[in-house]
Amino acid sequence: MEAVTPQASSALIKKAAAILRRGGLVAFPTETVYGLGGLAFHARAIRRIFAVKGRPADNPLIIHIAQQDQLHRLSSNISSSANDLAKAFWPGPLTLVLERAEDVPAAVSAGLSTVAVRMPNHPVALALIHAAGEPIAAPSANKSGCLSPTLAYHVEETLGDEIEMILDGGPCTVGLESTVLDLTVDPPRILRPGAITTETIQSVIGKVAPYLPGHDAVGSPGLKHTHYAPKLTMILVHADQWGDTLNQWLSSGKRLGAISLQPVSRPLLYHRVMADLTDFAQSLFLALHEAEAMGVEVLLVEAVPKTGLGIAIMDRLERGARP
Ligand code: TXA
Ligand code: MG
């Protein structure tokens, strides 16, 4: 794990780019979560990404770019909506699904005729893509079905022995994976909710089909696989049942933890109070990693309203929680 400080930055980025050009894998920070990067046009690197993650071959990868003109190599059909969205939100946590250019290896997109692209808003990610000179395919840098990493340390723990390098750029500021928007359908459809909300996208391109849980398996193959699964039992609790539910579980004898917006007056093995929805998004995966590491058996998580950023937070919670 290499800390990218201003002093060490350019040498490390150079080293990482050389690894990528040889077909190696480098984990790097983005504003959302850490990515497991390999060159998008390097067939062996792509095969290794799938192998290291234990990722099903039918789950496509997102390609990361650092400048707008790289988009033209990835898709030959870039609509005015795509251009407008790129202008409004890149670099940032919005992934666009477009028609895939013939040159882009089919394996990156799991054989689909589309390709997912985003420009991450993180200086280390952008510097790495620039230095590599090519787009970088990168899923979240975790084993398939496990929690996404928001610290370099999370990557080190699970993939440290299997990849060539981890660039440590500190904690991810957004904390949840990017919004995925399919622009190949009319109206465009949200395949995965993230920090850039439906309303915000609509303010730029007009009508957008909102995210429909359950419906997503068709358009975004990744979402049909288990995701965001913590090892502990996570229970979602409605805000007005918080006190009662907590009291019930306190007498259960289980190793209990909690994540909530409300304070908790009783001592728990693990507790994290989120200041607001932004903090909730930013710190959710971190808190889940911490609770797991402390051996929490049952984690009570306060449900948040399903509006704005709350939609993305609840999506991750509902997919990780016990039904
Ligand atoms: O914030 C993020 O997007 C992070 C960072 C590293 O950029 N990456 C990330 O990648 O979350 P991953 O592989 O964990 O999730 C990619 C999601 C999956 O749900 C996948 O199915 C979807 O994007 N996806 C990728 N290509 C697609 C395509 N061509 N059509 C539809 N969905 C696609
Ligand atoms: Mg992932």
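Which members of segment 42-58 meet the condition of being surrounded by fewer than 18 Cβ atoms within 10 Å (Cβ to Cβ), modelled with pLDDT of 95 or more and away from ligand 2 (no atom under 13 Å from the Cβ)? Hits for segment 42-58 are ALA43, ARG44, ARG47, ALA51. I'd like the residue in segment 131-147 that is modelled with pLDDT of 95 or more and within 9 Å of ligand 2 (Cβ to nearest atom) and, out of all such residues, is farthest from THR30 (Cα to Cα). By that ranking, first place goes to ASN142. Pairs linking a residue in segment 300-313 that is within 22 Å of LEU181 (Cβ to Cβ) to a residue that is of a type in the set (S, T, N, Q) and modelled with pLDDT of 95 or more, with Cβ atoms under 6 Å and 6 or more positions apart or on different chains, are GLY308/THR197. Residues of segment 175-187 being surrounded by 24 or more Cβ atoms within 10 Å (Cβ to Cβ) and assigned to a loop (DSSP other than H, G, I, E, B), which ones? Answer for segment 175-187, where residues must be surrounded by 24 or more Cβ atoms within 10 Å (Cβ to Cβ) and assigned to a loop (DSSP other than H, G, I, E, B): GLY175, LEU176, GLU177, SER178. State whether the residues of segment 5-19 include one that is within 21 Å of PRO91 (Cβ to Cβ), touching a Gly at 6+ places or on another chain (Cβ under 9 Å) and more than 16 Å from ligand 1 (Cβ to nearest atom). Yes, some residue in segment 5-19 is within 21 Å of PRO91 (Cβ to Cβ), touching a Gly at 6+ places or on another chain (Cβ under 9 Å) and more than 16 Å from ligand 1 (Cβ to nearest atom).
Can you pull out the residues in segment 26-36 that are of a type outside the set (Phe, Trp, Tyr) and either crowded, with 24+ Cβ neighbours inside 10 Å or farther than 20 Å from TYR153 by Cβ (or both)? Give the derivation first.
So in segment 26-36, the residues of a type outside the set (Phe, Trp, Tyr) come out as 26-27, 29-33, 35-36.
Matches in segment 26-36: VAL26, ALA27, PRO29, THR30, THR32, VAL33, GLY35, LEU36.
Identify all residues within segment 148-174 that are surrounded by fewer than 23 Cβ atoms within 10 Å (Cβ to Cβ) and of a type in the set (S, T, N, Q); write none if there are none. Passing the criteria: THR158, THR173. Counting only residues that are outside any helix (DSSP H, G or I), of a type in the set (A, V, I, L, M, F, W, C) and away from ligand 1 (no atom under 12 Å from the Cβ), segment 109-159 holds 1 of them.
Among the residues of segment 160-174 satisfying the criterion of being part of a loop (DSSP other than H, G, I, E, B) and more than 16 Å from ligand 2 (Cβ to nearest atom), which is nearest to LEU96 (Cα to Cα)?
Among those residues, the one meeting the criterion is THR173.
Matching residues to (1) modelled with pLDDT of 95 or more; (2) part of a loop (DSSP other than H, G, I, E, B); (3) touching a strand residue (DSSP E or B) at 6+ places or on another chain (Cβ under 7 Å):
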position	(1), (2), (3)
ASN77	no, yes, yes
GLY92	yes, yes, no
LEU96	yes, no, yes
ALA107	yes, no, no
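Right, SER251: among the hydroxyl-bearing types (Ser, Thr, Tyr) and either modelled with pLDDT under 95 or in contact with a Pro (Cβ under 6 Å, 6 or more places away or on another chain) (or both) or not? Answer is yes for this residue.
The values are calculated or read from the model by the stated rules, or taken from the named source; none is laboratory data. All values reported here derive from a predicted model rather than from experimental measurement. Methodologically, a virtual Cβ is constructed for each residue, glycine included, from the backbone with ideal geometry; neighbour enumeration extends over all protein chains shown.
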